[in-house]
1. From the list Arg147, Arg132, Arg157, pick out the single residue that is touching a helix residue (DSSP H, G or I) at 6+ places or on another chain (Cβ under 9 Å), touching a residue at least 60 places away in the same chain (Cβ under 8 Å) and farther than 29 Å from Leu109 by Cβ.
2. For the subset of segment 181-232 comprising residues that are within 19 Å of Lys3 (Cβ to Cβ) and hydroxyl-bearing (Ser, Thr, Tyr), which member is modelled with the highest pLDDT?
3. Given (1) more than 19 Å from Tyr24 (Cα to Cα); (2) touching a strand residue (DSSP E or B) at 6+ places or on another chain (Cβ under 8 Å); (3) not aromatic (Phe, Trp, Tyr), identify the lone condition not met by Asp205.
4. Can you find a residue that is more than 15 Å from Leu85 (Cα to Cα) and surrounded by 20 or more Cβ atoms within 10 Å (Cβ to Cβ) anywhere in segment 12-24?
5. Could you tell me which residue of segment 70-88 is surrounded by the most Cβ atoms within 10 Å (Cβ to Cβ), considering only residues that are of a type in the set (A, V, I, L, M, F, W, C) and closer than 21 Å to Arg108 by Cβ?
6. Name every residue in segment 89-121 that is closer than 29 Å to Gly211 by Cβ, within 13 Å of the ligand (Cβ to nearest atom) and either crowded, with 22+ Cβ neighbours inside 10 Å or of a type in the set (A, V, I, L, M, F, W, C) (or both), in order of residue number.
7. Which of the residues that make up segment 47-66 are more than 7 Å from the ligand (Cβ to nearest atom) and either among the acidic types (Asp, Glu) or on the phi > 0 side of the Ramachandran plot (or both)?
8. Can you tell me which residue within segment 26-43, out of those that are closer than 14 Å to Thr62 by Cα, more than 8 Å from the ligand (Cβ to nearest atom) and touching a residue at least 12 places away in the same chain (Cβ under 8 Å), is surrounded by the fewest Cβ atoms within 10 Å (Cβ to Cβ)?
Amino acid sequence: MTKLSGTAKSTYVRTMFDRIAPRYDLMNAVMTLGQHQAMRRAAARLAHPPRDGLALDLATGTGDFAAALRDVEPTCRVVGIDFALEMMRLGQTKYAARVLFSAGDMLRLPLPANAFDCAVNGFVLRNVTDVRAAFAEMYRVLKPNGRAVSLEITSPRAPIWKNIFALYFDHVMPRVGGWLSGNPDAYRYLPQSVHDFLTPEQVVDLMRAVGFREVYFRRWALGSMAVYVGTK
Ligand SMILES: C[S@@+](CC[C@H](N)C(=O)[O-])C[C@H]1O[C@@H](n2cnc3c(N)ncnc32)[C@H](O)[C@@H]1O
């Protein structure tokens, strides 16, 4: 697919996720060899959801990261926001009692400032048209001292492993994903979006630029995932 930007990109992304929604959870399990939920829980712990607090999951999709926040702190109320309604409809069948799902664009959140104790997003930064605006909105809705955590795929750097990963991610996964989901275009878009995305160091710079302090990132899953943490 050609490189998209602006409204063309957000329309493409929303329509694609609505289309692949029924197979999205299955594909995550296959692609990560069942590790995706453990990664969300580990990232949710870094967000420090407090007792009786209020947490936000941006681009919640089918709600797994939001539910991970509840696993970490069952007394915390969690709001999940996404613009793909089919993804959230499936999330609601899984987590209606645990997550409050709401439609919205994470670049223009329909939420008040200084409202949330923590905010997370998973596997979305590559998909937004303005990464800085995404972090600026996260920052705005967090309370002072609130934690922001983002989880995103990144290209590993270790020699040999990076070639093995590229073989899997660029060639095997798009074929398997296209076949299982019935949507080959979506699983060609996935590796391209990772290649086109910022380096972890550039992401950290953007977080600092919108005001976050104590910003850091860690590579997980042999360097194929990055978790980003910042404090308002
Ligand atoms: C790869 S899925 C990740 C879903 C979920 N966070 C997870 O951990 O499985 C990306 C999600 O981001 C959503 N998304 C992308 N751009 C968005 C935006 N600007 N506002 C709201 N949701 C967005 C898509 O609709 C999709 O549900």
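1. Every option except Arg157 fails the conditions.
2. Thr199
3. (2)
4. Checked against the condition, which is being more than 15 Å from Leu85 (Cα to Cα) and surrounded by 20 or more Cβ atoms within 10 Å (Cβ to Cβ), segment 12-24 yields no hits at all.
5. Result: Val78.
6. Val99, Phe101, Ala103, Met106, Leu107, Leu109, Leu111, Ala119, Val120, Asn121
7. His48, Asp52, Gly63
8. Leu26
The values are calculated or read from the model by the stated rules, or taken from the named source; none is laboratory data. The structure displayed is predicted, hence computed values, not measured ones. Note: ideal-geometry Cβ built from the backbone for every residue, glycine included; neighbour counts use all protein chains shown.
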